[in-house]
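The values are calculated or read from the model by the stated rules, or taken from the named source; none is laboratory data. Fair warning: this is a prediction, and the values are worked out from it, not measured in the lab. Virtual Cβ from ideal backbone geometry, glycine too; neighbours counted across all protein chains shown. Just so you know, the surface numbers come from the protein's heavy atoms only, side chains and all, with ligands and any DNA or RNA stripped out. Shrake-Rupley method; radii C 1.70, N 1.55, O 1.52, S 1.80 Å.
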Amino acid sequence: MINNFKLIKYGYQFKLSMVCSVLFMLMGIAVLSFFDFYKGPSMYLVFYCSFLFVIQVSNTLTASGMIKSSPRYRQFCLGMPRVINFIGFLITVSVLMVIRLIQKGTIDGFMKCAGNELAATGFMYFICLLYMAFVYKFFIISVILFCISCSFSNVLVNIIIHTYNFTFGQGIGIAFLCMAVGMALLEIIGRAVYKIPPSKLAQPASLRKYM
C-alpha cells in the first residue's frame, strides 16, 4: 500500500489536485471555525473535499494500461479509497475537536457542544462513503442523489440534535459507528460493482479516450 501511495504523484494533474486539496482544507477549516453548525451541517463536507482530490488522482491511475494489467488495479479501485477515507475521517474529527476546544476555551464548554457535532460529522461522513461507493461507476445518478441527501441530512440532523443532546462519549460512539458501517458498505458495494465499467464522466475529459 505504501508503494501505491508513492505512485499517486504520477496521477493526472497531481500538482493541481494537491493545490486544490490544500485550498479546500483551508476553506474547510474556515467553515468549521465560523459557520453556524446548526444551520447547515453538510457545509462540513467542504473539509472532506480536500481528501476527495487525493482519491480522484489515485483513481486516474486506473486508466493506465500498466495498472489495468496488474493486481494494483484492484488496489487502486478498492484499497486506496478505503485507506484515504479512514485517514480523512480521523483528520476531520481531530481538526474539528481542536477548533472547538480553542473556541470554547474550557473543557466544560467544549464537552457541551462536541457530542452533537461529532454525531453529525459521522452521519455526514456516512453519506460521503455511500457516494464514493457509486460515483465512479454511476456518476450522474450518484451526484444527484448526493445533493438530495445533503439537503435532506441538514433537516434530519437538526431535528435529531434539537431532540437529543449527545454527550462527548455518545458523539464519539455515533461518529465511529457511522464510519464503520459506511466503510463496510463501501467495501461490499465496491466489490459488487467492481467489474462494471467505470463512468467516463467521472474522469477528466482528456482521460476518457483511454477508457
Long-range neighbours under 7 Å by Cβ, at least six apart or interchain, first residue farther than 16 Å from PHE123 by Cα and among the small types (Gly, Ala, Ser) within the range 33-60, second part of a helix (DSSP H, G or I) and at pLDDT below 80: SER58/ILE8; SER58/PHE76; SER58/MET80
Residue by residue through the range 155-195, note down the ones that are in a loop (DSSP other than H, G, I, E, B), open to solvent by 60 Å² or more (accessible area, probe 1.4 Å) and not polar (S, T, N, Q). TYR164, LYS195
When you scan the range 112-127, do you find a residue that is open to solvent by 10 Å² or more (accessible area, probe 1.4 Å), under 23 Å from ASN165 (Cβ atoms) and either among the basic types (Lys, Arg) or outside any helix (DSSP H, G or I) (or both), even just one? yes
Residues THR92, THR106, THR121: which one is within 29 Å of TYR10 (Cα to Cα) and among the hydroxyl-bearing types (Ser, Thr, Tyr)? THR92
Looking at the range 98-119, which of its residues are closer than 29 Å to GLY190 by Cβ and at pLDDT 85 or above? LEU118, ALA119
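Could you go through the range 40-48 and let me know if any residue there is out of contact with any helix residue (DSSP H, G or I) (no Cβ under 7 Å at 6 or more places or on another chain) and either modelled with pLDDT of 80 or more or surrounded by 21 or more Cβ atoms within 10 Å (Cβ to Cβ) (or both).
No, the range 40-48 contains no residue that is out of contact with any helix residue (DSSP H, G or I) (no Cβ under 7 Å at 6 or more places or on another chain) and either modelled with pLDDT of 80 or more or surrounded by 21 or more Cβ atoms within 10 Å (Cβ to Cβ) (or both).
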Just to verify a result, which residue in the range 128-154, among those that are among the aromatic types (Phe, Trp, Tyr) and assigned to a helix (DSSP H, G or I), is surrounded by the fewest Cβ atoms within 10 Å (Cβ to Cβ)? PHE152
Given the options SER17, SER33, name the one that is out of contact with any Ser or Thr (no Cβ under 8 Å at 6 or more places or on another chain), at pLDDT 80 or above, among the small types (Gly, Ala, Ser) and open to solvent by 20 Å² or more (accessible area, probe 1.4 Å). SER33
